[in-house]
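The values are calculated or read from the model by the stated rules, or taken from the named source; none is laboratory data. Please read all numbers here as calculations on a predicted model, not as lab measurements. We place every Cβ from the backbone using ideal geometry, glycine too, and count neighbours over all the protein chains shown. In case anyone asks, the SASA skips ligands and DNA or RNA and just uses the protein heavy atoms, side chains included. Shrake-Rupley method; radii C 1.70, N 1.55, O 1.52, S 1.80 Å.
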Amino acid sequence: MSGPVRAEDLGAFCAAVFAAAGVPARVAEIVADSLVCADLRGVDSHGVLRLPIYLKRVAGRMIDVAAEPRIERDDGPTVRIDGGNNFGAYVGQKALEVALDRAGRHGVACVGVRASNHFGTAAYFAEQATAMGYAAIVMSNASQTMPPTGGLRPFIGTNPLAIAFPTREGAPFLLDMATSHVARGKILSASKKGETIPLGWAIDKAGRPTTDASAALDGAVLPVGGAKGSGLSMGIDILSGVLTGAGYGPHIRNMYDDWHAPQNVGHFFFVLDVRRFLPLAMFTERLADYIALLKAEPRADGFSEILYAGEHEHRLATTRRAEGIALPPALVDELSALGREAGIAWPAPAVARGGRPAAIAAGERARD
């Protein structure tokens with residue numbers, strides 16, 4: 001029986017499939033957790049959809065699953081890390097741990113990373129920082145999928161940026177965005193589902209606007225906000241790539257198309273101990289006031305509520321943790337097949353109270 005699966009079961013399945021491919025248990029757990037975190041937050045383009053290509057990169061020896069990231073320059077609050085070409089999520093986790101440690105000691109930390117791979121959602125790392133009372137800015141560069149404003153062919157990546165602050169209660173403030181109009185993974189997801197995409201998301205390889213997801217994958221996604229998004233992506237590329245010694249621009253390998261060398265993705269973590277400015281309780285009280293003022297603002301037509309960055313994703317994650325994560329049938333078939341090859345069964349559907357599948361129970365609530 002197919003249906004939504006519990007986040008914990010989906011994570012255990014992914015970790016077991018990674019382990020069967022020779023990935024060390026701790027690495028497998030972190031990478032699986034990062035993928036499921038994306039699906040919980042509704043960023044399905046960076047969720048378990050990526051499991052097949054990650055496995056393919058491991059099988060092609062494009063990822064060194066045994067490598068341990070190492071500090072190659074250490075000046076206290078500033079650190080540069082060689083990721084050793086392990087999974088981006090694992091390298092990112094190790095870099096975050098260093099950044100949190102140094103921010104605790106010095107009040108602030110800047111950690112640059114080279115020799116890494118696609119690290120999933122920046123929110124995965126930023127949210128961990130807020131849970132410990134820190135503010136964080138997390139960014140990464142990516143392989144070229146986006147033309148600079150005025151250009152025709154891809155030169156920069158959809159380089160992601162997350163900005164996060166701890167709050168007194170509820171969702172942390174967490175802006176997590178790609179610098180493209182939409183993450184390329186959303187177009188990949190639409191292509192897998194056979195869906196069209198809105199005009200303005202991408203161009204085809206001839207530079208023409210397109211609604212065909214497959215043509216968009218052969219072409220390029222477009223920057224958010226035109227020249228502003230293009231410039232922001234360049235800035236992230238400079239911090240994550242040029243400054244760290246990682247690849248940048250056309251020097252980052254595409255994980256889907258390039259099988260000759262590792263990606264050499266770069267990341268950059270900025271972590272701030274807010275307690276160096278204000279007591280944490282005072283900061284979160286002031287931020288709560290800010291949020292209350294925001295929500296009291298007059299609403300435009302069609303809006304029942306004003307949300308702050310990260311609030312929608314937090315609510316969605318809460319719902320999906322309770323009711324399970326629903327995946328497209330084609331993706332379930334693909335992942336199930338990978339599991340069968342490794343001797344790992346696909347998780348049973350999530351069950352709501354009363355023994356009914358969560359999707360059915362949710363549907364009944366919607367009709368009540």
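Of the residues making up region 279-333, those that are aliphatic (A, V, I, L, M) and closer than 27 Å to Ala190 by Cα are Leu307, Ala309, Leu316, Ala317, Ala322, Ile325, Ala326, Leu327, Ala330, Leu331, Val332.
The listed residues are Thr244, Thr196, and the only one of them that is over 22 Å from Asn141 (Cα atoms), more than 17 Å from the chain's Cα centre (by Cα) and among the hydroxyl-bearing types (Ser, Thr, Tyr) turns out to be Thr196. Taking residues in region 275-304 that are at pLDDT below 95, and partners anywhere that are surrounded by 11 or more Cβ atoms within 10 Å (Cβ to Cβ), not one pair has Cβ atoms closer than 7 Å while being at least 6 places apart or on different chains. Among the residues of region 161-175, those that are part of a loop (DSSP other than H, G, I, E, B) and open to solvent by 50 Å² or more (accessible area, probe 1.4 Å) comprise Arg168, Glu169, Gly170. Working only within region 297-317, note down all residues that are under 19 Å from Ile163 (Cα atoms), out of contact with any Lys or Arg (no Cβ under 7 Å at 6 or more places or on another chain) and open to solvent by less than 100 Å² (accessible area, probe 1.4 Å). Correct list: Leu307, Tyr308, Ala309, Gly310, Glu311, His314. Cβ-Cβ distances below 9 Å connect the following pairs, each with a first residue in region 334-346 that is touching a residue at least 12 places away in the same chain (Cβ under 8 Å) and part of a helix (DSSP H, G or I), a second residue that is among the basic types (Lys, Arg) and open to solvent by 70 Å² or more (accessible area, probe 1.4 Å), and a separation of six or more residues or different chains: Glu334/Lys192. Per the listing Ala131, Ala135, the residue uniquely open to solvent by less than 10 Å² (accessible area, probe 1.4 Å) and over 12 Å from the mean Cα position of the chain (by Cα) is Ala135. Per the listing Ala202, Ala227, Ala178, Ala215, the residue uniquely farther than 20 Å from Glu127 by Cβ and surrounded by 21 or more Cβ atoms within 10 Å (Cβ to Cβ) is Ala202. Among residues of region 41-61 being of a type in the set (A, V, I, L, M) and either open to solvent by less than 10 Å² (accessible area, probe 1.4 Å) or not in a helix (DSSP H, G or I) (or both), the one that is modelled with the lowest pLDDT is Val43. Count of region 20-40 residues, restricted to those that are surrounded by 24 or more Cβ atoms within 10 Å (Cβ to Cβ) and outside any helix (DSSP H, G or I), is 1.
Could you list all residues from region 84-93 that are surrounded by 21 or more Cβ atoms within 10 Å (Cβ to Cβ) and either outside any loop (DSSP other than H, G, I, E, B) or without any contact (Cβ under 8 Å) to a residue 40 or more places away in the chain (or both)?
Narrowing region 84-93 to residues surrounded by 21 or more Cβ atoms within 10 Å (Cβ to Cβ): 85-93.
Residues satisfying the conditions are Gly88, Ala89, Tyr90, Val91, Gly92, Gln93.
Please state which of the following conditions Phe155 fails to meet, knowing it meets all the rest: (1) more than 23 Å from Glu313 (Cβ to Cβ); (2) in contact (Cβ under 8 Å) with a residue 60 or more places away in the chain; (3) in contact with a Gly (Cβ under 7 Å, 6 or more places away or on another chain); (4) surrounded by 22 or more Cβ atoms within 10 Å (Cβ to Cβ). Only one criterion is unmet by Phe155, namely (4).
Please go through region 94-117 and pick out each residue that is within 16 Å of Leu243 (Cβ to Cβ), part of a strand (DSSP E or B) and aliphatic (A, V, I, L, M).
Within region 94-117, the subset within 16 Å of Leu243 (Cβ to Cβ) is 95, 99, 109-116.
If we keep only those that are part of a strand (DSSP E or B) as well, we get 109-116.
Matches in region 94-117: Ala109, Val111, Val113, Ala115.
Is there a residue in region 226-244 that is in contact (Cβ under 8 Å) with a residue 12 or more places away in the chain and in contact with a helix residue (DSSP H, G or I) (Cβ under 6 Å, 6 or more places away or on another chain)? No, every residue in region 226-244 fails to be in contact (Cβ under 8 Å) with a residue 12 or more places away in the chain and in contact with a helix residue (DSSP H, G or I) (Cβ under 6 Å, 6 or more places away or on another chain).
When region 234-252 is filtered for residues that are buried (at least 17 other Cβ atoms within 10 Å of the Cβ) and in contact with a Gly (Cβ under 7 Å, 6 or more places away or on another chain), the ones remaining, listed by number, are Asp237, Ser240, Gly241, Thr244, Ala246, Gly247, Tyr248, Ile252.
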